[in-house]
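Structure first, commentary second.
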Protein chains: 6
Amino acid sequence: MPIVVRNTPRTDPELVDGLGRAGVATVHEAQGRTGLLRADIRPIFRPARIAGNALTCAVAPGDNWSIHVAVEQAQPGDVLVVAPTSPCDDGYLGDLLAESLRARGVRGAVLDTGVRDVASLTKMGFAVWSKVIYAQGTVKETPGNVQTPVVCAGVLIHPGDVVIADDDGVVVVRREQAKDVLAAAEAREANEASKRERLANGELGLDLYDMRGRLASKGLRYVDYADGS
Amino acid sequence: MPIVVRNTPRTDPELVDGLGRAGVATVHEAQGRTGLLRADIRPIFRPARIAGNALTCAVAPGDNWSIHVAVEQAQPGDVLVVAPTSPCDDGYLGDLLAESLRARGVRGAVLDTGVRDVASLTKMGFAVWSKVIYAQGTVKETPGNVQTPVVCAGVLIHPGDVVIADDDGVVVVRREQAKDVLAAAEAREANEASKRERLANGELGLDLYDMRGRLASKGLRYVDYADGS
Amino acid sequence: MPIVVRNTPRTDPELVDGLGRAGVATVHEAQGRTGLLRADIRPIFRPARIAGNALTCAVAPGDNWSIHVAVEQAQPGDVLVVAPTSPCDDGYLGDLLAESLRARGVRGAVLDTGVRDVASLTKMGFAVWSKVIYAQGTVKETPGNVQTPVVCAGVLIHPGDVVIADDDGVVVVRREQAKDVLAAAEAREANEASKRERLANGELGLDLYDMRGRLASKGLRYVDYADGS
Amino acid sequence: MPIVVRNTPRTDPELVDGLGRAGVATVHEAQGRTGLLRADIRPIFRPARIAGNALTCAVAPGDNWSIHVAVEQAQPGDVLVVAPTSPCDDGYLGDLLAESLRARGVRGAVLDTGVRDVASLTKMGFAVWSKVIYAQGTVKETPGNVQTPVVCAGVLIHPGDVVIADDDGVVVVRREQAKDVLAAAEAREANEASKRERLANGELGLDLYDMRGRLASKGLRYVDYADGS
Amino acid sequence: MPIVVRNTPRTDPELVDGLGRAGVATVHEAQGRTGLLRADIRPIFRPARIAGNALTCAVAPGDNWSIHVAVEQAQPGDVLVVAPTSPCDDGYLGDLLAESLRARGVRGAVLDTGVRDVASLTKMGFAVWSKVIYAQGTVKETPGNVQTPVVCAGVLIHPGDVVIADDDGVVVVRREQAKDVLAAAEAREANEASKRERLANGELGLDLYDMRGRLASKGLRYVDYADGS
Amino acid sequence: MPIVVRNTPRTDPELVDGLGRAGVATVHEAQGRTGLLRADIRPIFRPARIAGNALTCAVAPGDNWSIHVAVEQAQPGDVLVVAPTSPCDDGYLGDLLAESLRARGVRGAVLDTGVRDVASLTKMGFAVWSKVIYAQGTVKETPGNVQTPVVCAGVLIHPGDVVIADDDGVVVVRREQAKDVLAAAEAREANEASKRERLANGELGLDLYDMRGRLASKGLRYVDYADGS
């Protein structure tokens, strides 16, 4: 039987916002290249960048009833996460539900399904990442779990995990690891800034990262075109 | 042998424009969640919204000859509909054909194939929905039917049916049903406006749609996280 | 063992820029409808248009090491071409590598893999065509060939071949054929300009291209709807 | 509201069986290369070959209720045709439903969805063509139309049209055209038998079909490798 | 840093074998329609049916090193589960690794990647479910985790969970739930046997499941074809 | 204009047959993990294994005319290779063409398109690898090149290169490299036989390949489940 779990813990807003500033690619690297959703989960408009606490929702194919249930559990700073129990491209979210989510302080949504009303959602500035854009409507016959762990687009997500989404896609950080990952992400960013400047000035990565010796040990050889490649 | 059907009936322009204003998602709901083309038929630029009478065209793979034949049958307010007889991603339509269609008053095109010259089409503002963007050229060896019923991207379309296309995709309304569907769409829109306002003010869908009893009868239970989910 | 070929020949910059002005669809037609990369290779922002000498790079799955090696071989006016040795969607290129490539005068990149940092790349105006946008990071363990012939997205590309990329996709012209293809492309463009004007004025392609006789010989028949299609 | 249409006409069993003997490729050619379902509709075991009257059934995503409704409308010699109202890969049919269909004389099934229990169906010899094999179960909440025209895998199918399915896929012949198509198919088969023998004896298609002149007129040239291709 | 977890708990072999007898579709239903891997995970030969304890293994793209590490952790009755950290179709498993796994008592393998040497694996009778068959070789540069929880083909799998695989695909049962799920599966099977017989005798599901009233309450109507559908 | 190149060189039959005995996976490894066609090119029946000289053929979408032209250029021991100039799933080859090819000593075919008449081809034992099985017929309007280099399913193939195809897919060896690759393949096979026996006897790959030190240097750690993974 479907359940709704109330009063699930959230991640500290400062950690959430810090991870949001770091962005998807940096956070993904900072936690050891894990946590990325499938590449077919794309934003409906660009640029877009949000971060928030996962408000999770399992849905039956062609049935968006539990999203209505989820809205009541929303808290400001949440990001709706919708995982179908079997693959479905239907438009589970439209502008009415988006109004309702926004009224509750939800910052956006990530769906491993379709979305619709994207012109209206774009005008509202309500950011959505989805598998597809599809106007196909849904029914309300089979409720699913709300605020339980789900696998969404290949990644396990618990309520209150941090969802970071931008033009590169979506990454999830476990609530328990948010502090450490943020520290690692910020260290990485500081490190990248100086490297970026040196590369922009024409220094080679081969030298900056001291790669030549290791490349030679892997057998890399340089030949001249004139010698007949 | 291929045929061209002349003097096919059109749908009343007021109905067409009314359906265009309602948009794809609303029209699709208003006619009982039918008539949507496959989700991979996408606009080449956004935002885009058109509605018009279907000017249908069957094409052989890699051969766009019948589009030239179709231009002659075009009337102002038409939307070109291109259905390949076997799947093909080639660029059946480019800017020259678009100029020709526009000169005849055609409002845009829907192709279950590829399209090309999209930078130029975007500059022209000629709206196209297609399966893919692909520069691959086509030949003119095998003409196909023009203005006969076709299945395009999974939907049966007759000449003179109403094609509505926007950022959500494409929906088709049978000519005979255009009046009823428009009435249903307008009723739906009126109904949604007030709901939208109530949801934007924070009212829950659970209450607005009176869902709690039915959810309980489906077995939905609420538990507290502290009790161990 | 992996090799890097140095001092490969380039194509004359005037030919390159001329082909770039002609654009993908025209160049593809001008060389007999050949040389187009697969349709799923798409630009990360639009509009975008570049042309340059191919700087080729073979990469192992999940490993972007040879792109660092390729940067050293870059010359102003090059376009990086990345071909994986087995299919991979990882984000082989991000903003640091793009800074490095830009510092060397590279005009953009074409990858039959993923790309990341697309918000940043867009802000930089560094044009990239790729199979997918995906933040997944890569390792540096297995170098691949640089500046050897590769098959990228279905097309054989030699170092110094001309890569033309725009909103329609990517086409490649062999270095040895660049002059002839440019001449054919320019002839085609001159021819199209007058046709475009005539079509825009309402002349039919059926007449402009004198198609009616050949259509009739293929058996095309015109019937009237009233006679029962 | 969903409807069930009773007492729909069937096609004469002799025509059905004749078309079945001709097979998919021949029938498809005999009716002018039309009527083929999408190529991803594949048999669950091979070899398999059936033909029968279409017993059509529209289903909601994740909901196979109307198949139960369809069983009651079945007549001996029917083939079940299942078309989802939006794309769905769930396993709409398993061995219990297959027993029920077989008890009514149904010869097999064609589904633009998933199927399950394929080991059991194979043991029963109940032939099924489907988009995918997937054990995902379905609900019974939303009935759909039975014995109305549907678009299944890209083809319009009416109740009582002839469905022919074999290792090559599935083709549909309109009831009204079954007699003519069968005649054309049999003529084609007679013609092919003699050609097959001549080709098997080493005669070239170039000669048998008298293609050399037409190829030359298309510009085909023969060159010798030694002259440097 | 990658880790190998030793001495992970297994599920009782009687439960494992009982679930194996029930099969994928039944087990999936018995645990509330959960636990199914994506439908593109298919057996390399049919019929095939295995059940065993999950021996989990995370792999880098194009790198099968951790499978070698996993072999040492194998126990008789295990099923190897391979989850790539980003999507990859390479052939991670061939006949040598299969020999090694079989020597340790491993019953088969489930890979969300490619597999190779399938002719040899078929001859050995070593059952493998994979996303694709692909001969592409892999490197041994980047070890991944062994015997940690993984998401494989969309499903969270812990070491020692029960993996059931047959011609319908793959389903996973959590170790803690194996006993309850087996009981539910056996109850379901007992129930189905009698239904199957009644359906085979021509009884309608509409009657057997007492559906007519509920269908009517959903608005299902019966009309006669002669009345004009 | 299309050309046919006559009298192209072939590879020595002993090399061809030796490579065929080695099989796809071994040959692919023996030539440095190159030359594999895309994984979606699959045999129409299994088991199947052939090797032969490439008889290449470029085809327009939906047009198989040049296969007829190719038949005349066939020599015993050839394998037909069909590459479309833009992607197409049509059934380019059926049983009549197969009879014709077989009469000329052609051993099988590899098509980056569809194939049809697969029941008949299976009965004939004529092995075909293709992207899809699809009955869709083709026209004969636009001839393409025969016996020129083509890119087929992602790999450059010259006439007379060696095509090896088995249940794992298809690999190509350049004519000039056939001798060296065969030698490397045979060395590899000899080496694998002894390894296979040791692995089958329970020896671990970790020991056989002496991996433990290198794994440790990569940071691999062993932990015990009881310590809380």
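The values are calculated or read from the model by the stated rules, or taken from the named source; none is laboratory data. Note that the coordinates shown come from a computational prediction; the quantities given were computed from them, not determined experimentally. All Cβ positions, glycine included, derive from the backbone under ideal geometry; neighbour counts span all protein chains shown.
When you go through (1) under 19 Å from E:Arg21 (Cα atoms); (2) at pLDDT 95 or above; (3) loosely packed, with under 15 Cβ neighbours inside 10 Å one by one for E:Ala190, which number turns out not to apply?
In the conditions (1) under 19 Å from E:Arg21 (Cα atoms); (2) at pLDDT 95 or above; (3) loosely packed, with under 15 Cβ neighbours inside 10 Å, E:Ala190 misses (2) alone.
Mind counting the residues in the stretch E:26-39 that are on the phi < 0 side of the Ramachandran plot and out of contact with any Ser or Thr (no Cβ under 9 Å at 6 or more places or on another chain)?
Taking the stretch E:26-39 first, the residues on the phi < 0 side of the Ramachandran plot are E:26-31, E:34, E:36-39.
Narrowing the set further to residues that are out of contact with any Ser or Thr (no Cβ under 9 Å at 6 or more places or on another chain) leaves E:26-27, E:29-31, E:37-38.
The number of residues fulfilling the criteria is 7.
Does the stretch F:112-147 hold any residues that are under 17 Å from D:Lys218 (Cβ atoms) and in contact with a Pro (Cβ under 7 Å, 6 or more places away or on another chain), and which are they?
F:Pro143, F:Gly144, F:Asn145
Please go through the stretch E:56-99 and give me each residue that is acidic (Asp, Glu) and more than 14 Å from chain C (Cβ to nearest Cβ), ordered by number. Steps first, please.
First, the residues of the stretch E:56-99 that are acidic (Asp, Glu): E:63, E:72, E:78, E:89-90, E:95, E:99.
Passing the criteria: E:Glu72, E:Asp78, E:Asp95, E:Glu99.
Please specify each residue of the stretch C:14-72 satisfying the condition of being of a type in the set (D, E, K, R), in contact with a strand residue (DSSP E or B) (Cβ under 7 Å, 6 or more places away or on another chain) and touching a residue at least 40 places away in the same chain (Cβ under 8 Å).
Once the filter is applied, which keeps residues that are of a type in the set (D, E, K, R), in contact with a strand residue (DSSP E or B) (Cβ under 7 Å, 6 or more places away or on another chain) and touching a residue at least 40 places away in the same chain (Cβ under 8 Å), the stretch C:14-72 yields C:Asp40, C:Arg42, C:Arg49, C:Asp63.
Going through the stretch F:113-153 one residue at a time, which ones are within 14 Å of chain B (Cβ to nearest Cβ), free of Cβ contacts under 8 Å to residues at least 40 places away in the same chain and assigned to a loop (DSSP other than H, G, I, E, B)?
F:Arg116
Within 14 Å of chain E (Cβ to nearest Cβ) and under 20 Å from C:Val106 (Cβ atoms): is that true of C:Asn53 in this structure? Spell out the reasoning first.
Details: within 14 Å of chain E (Cβ to nearest Cβ): no; under 20 Å from C:Val106 (Cβ atoms): yes.
Taking the combined requirement at face value, the residue does not satisfy it.
Report, by residue number, each residue of the stretch B:76-112 that is more than 27 Å from C:Val170 (Cβ to Cβ), assigned to a loop (DSSP other than H, G, I, E, B) and modelled with pLDDT of 95 or more.
Once the filter is applied, which keeps residues that are more than 27 Å from C:Val170 (Cβ to Cβ), assigned to a loop (DSSP other than H, G, I, E, B) and modelled with pLDDT of 95 or more, the stretch B:76-112 yields B:Pro76, B:Gly77, B:Arg104, B:Gly105, B:Val106, B:Arg107.
Residue-by-condition table, conditions (1) surrounded by 14 or more Cβ atoms within 10 Å (Cβ to Cβ); (2) closer than 30 Å to A:Leu93 by Cα; (3) modelled with pLDDT under 95:
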site: A:Thr148; (1), (2), (3): yes, yes, no
site: A:Ala165; (1), (2), (3): yes, yes, no
site: A:Ala178; (1), (2), (3): yes, yes, no
site: A:Leu204; (1), (2), (3): yes, no, no
site: A:Leu220; (1), (2), (3): yes, no, no
site: A:Asp227; (1), (2), (3): no, no, yes
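Scan the stretch F:160-177 for residues that are out of contact with any helix residue (DSSP H, G or I) (no Cβ under 8 Å at 6 or more places or on another chain) and over 21 Å from C:Thr148 (Cα atoms) and jot them down.
Across the stretch F:160-177, the qualifying residue is only F:Val163.
Does D:Val69 qualify as being surrounded by 24 or more Cβ atoms within 10 Å (Cβ to Cβ), farther than 21 Å from A:Thr85 by Cα and of a type in the set (A, V, I, L, M)?
Judged against the criteria, D:Val69 is a match.
Kindly indicate whether any position in the stretch A:191-199 is of a type in the set (A, V, I, L, M) and without any contact (Cβ under 8 Å) to a residue 40 or more places away in the chain.
First, the residues of the stretch A:191-199 that are of a type in the set (A, V, I, L, M): A:193, A:199.
So of that shortlist, the ones also without any contact (Cβ under 8 Å) to a residue 40 or more places away in the chain come out as A:193, A:199.
There is at least one residue in the stretch A:191-199 that is of a type in the set (A, V, I, L, M) and without any contact (Cβ under 8 Å) to a residue 40 or more places away in the chain.
Of all residues in the stretch F:193-202, how many are more than 7 Å from chain E (Cβ to nearest Cβ) and surrounded by 11 or more Cβ atoms within 10 Å (Cβ to Cβ)? Outline the logic, then answer.
Initially, the stretch F:193-202 is screened for residues more than 7 Å from chain E (Cβ to nearest Cβ), giving F:193-194, F:197-198.
Checking which are surrounded by 11 or more Cβ atoms within 10 Å (Cβ to Cβ) leaves us with F:197-198.
Summing the residues that are more than 7 Å from chain E (Cβ to nearest Cβ) and surrounded by 11 or more Cβ atoms within 10 Å (Cβ to Cβ) in the stretch F:193-202 gives 2.
Please work out if C:Asp78 is charged (D, E, K, R) and touching a Ser or Thr at 6+ places or on another chain (Cβ under 8 Å).
No, not satisfied.
Could you check the stretch C:34-75 and list, in sequence order, the residues that are of a type outside the set (A, V, I, L, M) and in a loop (DSSP other than H, G, I, E, B)?
Of everything in the stretch C:34-75, those that are of a type outside the set (A, V, I, L, M) and in a loop (DSSP other than H, G, I, E, B) turn out to be C:Thr34, C:Gly35, C:Arg38, C:Asp40, C:Phe45, C:Arg46, C:Pro47, C:Arg49, C:Pro61, C:Gly62, C:Asn64, C:Gln75.
Quick one: in the stretch A:100-133, which of the residues that are buried (at least 24 other Cβ atoms within 10 Å of the Cβ) and out of contact with any strand residue (DSSP E or B) (no Cβ under 7 Å at 6 or more places or on another chain) is nearest to D:Gly62 (Cα to Cα)?
Across the stretch A:100-133, the extreme among qualifying residues is A:Asp117.
Got a sec? Which of A:Asp89, A:Asp12 is surrounded by fewer than 24 Cβ atoms within 10 Å (Cβ to Cβ) and among the acidic types (Asp, Glu)?
Details: A:Asp89 fails: surrounded by fewer than 24 Cβ atoms within 10 Å (Cβ to Cβ).
Going through A:Asp89, A:Asp12 in turn, the sole match is A:Asp12.
Answer yes if at least one residue in the stretch B:162-182 is within 14 Å of chain F (Cβ to nearest Cβ) and either in contact (Cβ under 8 Å) with a residue 60 or more places away in the chain or of a type outside the set (A, V, I, L, M, F, W, C) (or both), and no otherwise.
no
Please find, within the stretch A:10-33, the residue that is farthest from E:Pro61 (Cα to Cα) out of those that are within 7 Å of another protein chain (Cβ to nearest Cβ) and either assigned to a loop (DSSP other than H, G, I, E, B) or charged (D, E, K, R) (or both).
A:Glu29
Select from the stretch D:207-224 the residues that are part of a helix (DSSP H, G or I) and in contact with a helix residue (DSSP H, G or I) (Cβ under 8 Å, 6 or more places away or on another chain) and list them in ascending order.
D:Leu208, D:Arg212, D:Leu215
So, C:Val173, is that one touching an Asp or Glu at 6+ places or on another chain (Cβ under 7 Å) and at negative phi or not?
Considered against the rule, which asks whether it is touching an Asp or Glu at 6+ places or on another chain (Cβ under 7 Å) and at negative phi, C:Val173 comes out as yes.
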